[in-house]
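K.L.:
A single structure is presented below for examination.
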Amino acid sequence: MIVRPKFEIYRQSGTMQFIRDLLDVLPDPLAVTLDVAAKRTALNAVYDQLNLEWQPESGSLITPHIAALDAERDDALNGLKATLDAWGRYHYDASWRDAATILVNNITSHGDRIYKMPYQDETAVINAVLNDLEGIYAGEVNTLGLGSWVANLRNLNNMFQQAYLDRNEEIATIQPGIIADLMAEMLAAYRTLSDLFDARHTVAVVDADPLVAQYQTVENEWNSLIAQYNQAALRKTGGNNDLPPPEPETPPAL
């Protein structure tokens, strides 16, 4: 018998991944053999629909672009700071050492690990740094010939901010409530499939059907998957790591 997933403590992303993994455990050809193909197809359909509608930050197509821009601006800022630090310490020209020291101290005053800040905090801090470099410290920037470097960092930060706003607008287009409705529909489709699988398995056992071994193999893999997800969900919620065996669903009527 299929045991009960503790969906109530799964995160949405965890529920989605569980269903994806289950569909792999019960591929369509095997579902046909075990006479549960229609219910598997129904579950797969609502999963696909939810996957299209559900676009949190990790699911947005813009996210890889944002990550790439963030890496570029991190490199630009870190490279600028490292260069200034080296020049401030070792440049042969005293005027360059002085200018570099002024600039690196200013950048450091905004934060020692700017590149580790949350996206929007980093954007604001970099803007503040750039305002200083383009304003009160423009003379030092010109002395060191770093105008192009500063302009590139400004461009990258602006591009990042625009991409971040574009992603927020994309996520905001999701209709309120549609995710919750589709999630409920997907879980209902899952339970229908689970109940039917148990019913078919029970009949196969009673009839000494040769397919019993295949039902049992799928059941074992299915229950193992549930145990793994239940255990992981409990760990994330601070629950007891020694999860007792999940309780089975109510036996379906044959």
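K.L.:
Could you check how many residues of the stretch 195-254 are more than 16 Å from Ile2 (Cα to Cα), among the aliphatic types (A, V, I, L, M) and either modelled with pLDDT of 90 or more or in a helix (DSSP H, G or I) (or both)?
P.N.:
Number satisfying all stated conditions: 6.
K.L.:
Ok, one more. If we only count helices (runs of 4 or more DSSP H) wholly inside the stretch 1-57, which ones have 3 or more residues that are under 15 Å from Ala180 (Cα atoms)?
P.N.:
Hits in the stretch 1-57: 12-25, 37-53.
To keep it simple, each residue is scored yes or no on (1) free of Cβ contacts under 8 Å to residues at least 24 places away in the same chain; (2) farther than 30 Å from Met186 by Cβ.
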residue	(1), (2)
Asn51	no, no
His65	no, no
Ala68	yes, yes
Asn78	no, yes
Trp87	no, yes
Asp98	yes, yes
Ser109	yes, yes
Tyr115	no, yes
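K.L.:
Kindly provide the set of residues from the stretch 103-114 that are surrounded by fewer than 18 Cβ atoms within 10 Å (Cβ to Cβ) and part of a helix (DSSP H, G or I), ordered by number.
P.N.:
Passing the criteria: Asn105, Asn106, Thr108, Ser109.
K.L.:
Could I ask something else about it? Identify all residues within the stretch 18-30 that are over 15 Å from Gln214 (Cα atoms) and either of a type in the set (A, V, I, L, M) or touching a residue at least 60 places away in the same chain (Cβ under 8 Å) (or both); write none if there are none.
P.N.:
Phe18, Ile19, Asp21, Leu22, Leu23
K.L.:
Test Ala128 against the stated conditions and say whether it is on the phi < 0 side of the Ramachandran plot, part of a helix (DSSP H, G or I) and in the same structural domain as Ala151 (by TED's automatic domain parsing).
P.N.:
yes
K.L.:
If His91 meets every condition in (1) surrounded by fewer than 19 Cβ atoms within 10 Å (Cβ to Cβ); (2) in contact with a helix residue (DSSP H, G or I) (Cβ under 7 Å, 6 or more places away or on another chain); (3) in contact (Cβ under 8 Å) with a residue 12 or more places away in the chain; (4) over 30 Å from Glu53 (Cα atoms) apart from one, which number is that one?
P.N.:
Exception for His91: condition (3).
K.L.:
Shifting gears a bit: Is one or more of the residues making up the stretch 87-101 closer than 30 Å to Leu165 by Cβ and either at pLDDT 95 or above or not assigned by TED's automatic domain parsing to the domain that holds Leu165 (or both)? Let's see the steps before the verdict.
P.N.:
Pass one, the stretch 87-101, residues closer than 30 Å to Leu165 by Cβ: none.
Checking the stretch 87-101: not a single residue is closer than 30 Å to Leu165 by Cβ and either at pLDDT 95 or above or not assigned by TED's automatic domain parsing to the domain that holds Leu165 (or both).
K.L.:
Going by the structure shown, is Ala86 assigned to a helix (DSSP H, G or I) and either farther than 30 Å from Asn127 by Cα or not aliphatic (A, V, I, L, M) (or both)?
P.N.:
Numbers: assigned to a helix (DSSP H, G or I): yes; either farther than 30 Å from Asn127 by Cα or not aliphatic (A, V, I, L, M) (or both): no.
When the stated conditions are applied, Ala86 does not pass them.
K.L.:
Same structure again: Go through the stretch 180-212 and give me each residue that's farther than 19 Å from Ala37 by Cβ and more than 23 Å from the chain's Cα centre (by Cα).
P.N.:
Val205, Val206, Asp207, Ala208
The values are calculated or read from the model by the stated rules, or taken from the named source; none is laboratory data. In this text the structure is predicted, and so the values were computed from the model without any measurement. FYI the Cβ positions are ideal-geometry reconstructions off the backbone, even for glycines, and counts take in every protein chain you see.
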